[in-house]
1. Would you mind finding the one in 242, 184, 223 that is at negative phi, of a type outside the set (Lys, Arg) and at pLDDT below 95?
2. Test residue 161 against the stated conditions and say whether it is surrounded by 20 or more Cβ atoms within 10 Å (Cβ to Cβ), in contact (Cβ under 8 Å) with a residue 24 or more places away in the chain and touching a Leu at 6+ places or on another chain (Cβ under 9 Å).
3. From the list 200, 236, 231, which one is touching a strand residue (DSSP E or B) at 6+ places or on another chain (Cβ under 8 Å), assigned to a helix (DSSP H, G or I) and of a type in the set (Val, Ile, Thr)?
4. Would you tally the residues in segment 248-264 being in contact with an Asp or Glu (Cβ under 9 Å, 6 or more places away or on another chain) and either crowded, with 16+ Cβ neighbours inside 10 Å or among the hydroxyl-bearing types (Ser, Thr, Tyr) (or both)?
5. Considering segment 317-330 alone, what residues qualify as being crowded, with 21+ Cβ neighbours inside 10 Å and either in contact (Cβ under 8 Å) with a residue 40 or more places away in the chain or in contact with a Lys or Arg (Cβ under 6 Å, 6 or more places away or on another chain) (or both)?
6. Of the residues that make up segment 130-139, is at least one surrounded by 19 or more Cβ atoms within 10 Å (Cβ to Cβ), under 26 Å from residue 353 (Cα atoms), in contact with a Leu (Cβ under 6 Å, 6 or more places away or on another chain) and assigned by TED's automatic domain parsing to the domain that holds residue 363?
7. Only one of 220, 235 is of a type in the set (Ser, Thr, Tyr) and under 17 Å from residue 330 (Cβ atoms). Can you tell me which?
8. Listed residues 241, 229; which is buried (at least 18 other Cβ atoms within 10 Å of the Cβ) and either more than 17 Å from residue 318 (Cα to Cα) or touching a helix residue (DSSP H, G or I) at 6+ places or on another chain (Cβ under 6 Å) (or both)?
Amino acid sequence: MDEITQVATSGEIDTLTSNKDGLSLKGKLAYLPAFSIFILFACGVAVLGHFWNSKEMAEHGQLKRSLADVIQGREASAVERIYKDVFPIRDFSTGLLNLISFKVFGEARKGLIKGSDGWFFSDEEFSWNRKSLSMLEKHLSFVEDTLSTLREAGVEPILLLVPEKADIYRDKLGDVAVPSSREHYYENVRLRLSIMGAPVPDLREAFLQAREQEPVFLKSDTHWTVQGARVAARSVAQMLAHRPELKHKEFTLKPEEEIVHMGDLYKFAKFSIFEPFVSMPGDRLTSLAAVTADASLDDLLSDEDEGPQVALVGSSYSANAKWSLEAQLKAEAKVDIINFAEEGKGPFAPMKTFLKEKLHEQKELKYVVWEIPLRYFDEVAY
């Protein structure tokens with residue numbers, strides 16, 4: 001009897017304990033909505049505090065604003081833009097999504113094409129839309145007008161048409177194919193330019209041959225390598241060599257210290273704090289500087305009143321000393337060069353500036369080398 005009582009009592013205790021645990025769990029779950037609201041509120045306060053105390057908001061607070069700015073919504077739009085820029089988890093979430101897309105699907109952000117063997121390409125070399133044809137005609141018309149203006153000024157133009165990286169390295173595109181609209185794009189544009197009467201060396205064919213020995217484009221960048229720029233310089237030099245109207249002089253190329261260049265295409269691959277999980281090795285680069293031999297006193301005196309005879313105009317392919325086009329052009333053509341190329345403006349805007357502000361100042365100018373990357377011909381703005 002005592003054993004039965006003991007078992008019954010033990011069972012009652014287990015039941016009570018079970019009921020007590022059940023009530024305890026239900027009690028905890030009852031507080032979950034309130035706890036979640038509190039967490040969200042705390043996060044909201046933290047985000048708002050980060051926003052109001054940000055450097056961007058402090059700078060905005062120093063600006064003068066009128067009542068009209070507030071009423072017409074300009075102030076709200078400005079604050080909204082700042083909020084989007086400084087939102088604490090924006091970089092984290094964007095970086096995470098980019099990492100997943102890059103690793104799982106082999107795709108990169110808009111603006112970047114991931115090829116094979118560590119090669120990256122700009123999507124500008126794959127785009128063709130309803131405005132492309134009209135922009136191509138507009139730019140070709142501008143080139144034709146420019147050539148006329150230069151010739152009227154007694155200056156002979158040489159057009160350096162730079163082929164597209166995706167065209168030269170089609171075997172590095174991975175699963176991406178060159179669109180049919182760009183299949184013979186270089187040849188077609190070069191033909192149109194040649195009809196205008198200006199010499200246009202075939203850099204595409206020269207690059208296809210040269211790439212068998214050394215890379216002519218950087219893996220992580222839209223630009224050419226120092227070796228690619230050398231191929232271009234030699235193509236131009238063949239047209240300038242032994243011209244009697246030019247004063248030739250010797251230049252020696254001096255190598256700079258080797259660097260690891262992180263290409264401009266990496267700026268599209270925004271992985272935020274997840275960058276360590278993605279291999280971005282960069283490209284090894286050794287720039288070159290053109291150095292003249294010691295000039296005699298007679299040479300210095302004879303050059304005193306003479307200006308440059310050859311000018312270089314173009315995009316960052318010519319403007320950036322890293323690629324060493326100017327230096328190699330001096331050494332290959334054995335002529336001094338004055339460089340009017342500009343970074344970040346493409347090939348057409350620098351030429352407009354040159355024609356408007358610089359051409360009339362160059363009294364001794366005989367030749368203008370105009371470097372034009374092919375991919376700019378169908379772009380909307382310049």
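1. Exactly one residue qualifies, and that residue is 184.
2. Taking the combined requirement at face value, the residue satisfies it.
3. 236 is the lone residue from the list that is touching a strand residue (DSSP E or B) at 6+ places or on another chain (Cβ under 8 Å), assigned to a helix (DSSP H, G or I) and of a type in the set (Val, Ile, Thr).
4. Residues in segment 248-264 being in contact with an Asp or Glu (Cβ under 9 Å, 6 or more places away or on another chain) and either crowded, with 16+ Cβ neighbours inside 10 Å or among the hydroxyl-bearing types (Ser, Thr, Tyr) (or both): 3 in total.
5. 317, 318, 323, 324, 325, 327, 328, 329, 330
6. No, that holds for no residue.
7. Being of a type in the set (Ser, Thr, Tyr) and under 17 Å from residue 330 (Cβ atoms) holds for just one of 220, 235, which is 235.
8. 229 is the lone residue from the list that is buried (at least 18 other Cβ atoms within 10 Å of the Cβ) and either more than 17 Å from residue 318 (Cα to Cα) or touching a helix residue (DSSP H, G or I) at 6+ places or on another chain (Cβ under 6 Å) (or both).
The values are calculated or read from the model by the stated rules, or taken from the named source; none is laboratory data. Please read these numbers as outputs of a predicted model, since none were measured by experiment. For neighbour counting, all protein chains shown are included, and Cβ atoms are generated from backbone atoms with ideal geometry for every residue, glycine included.
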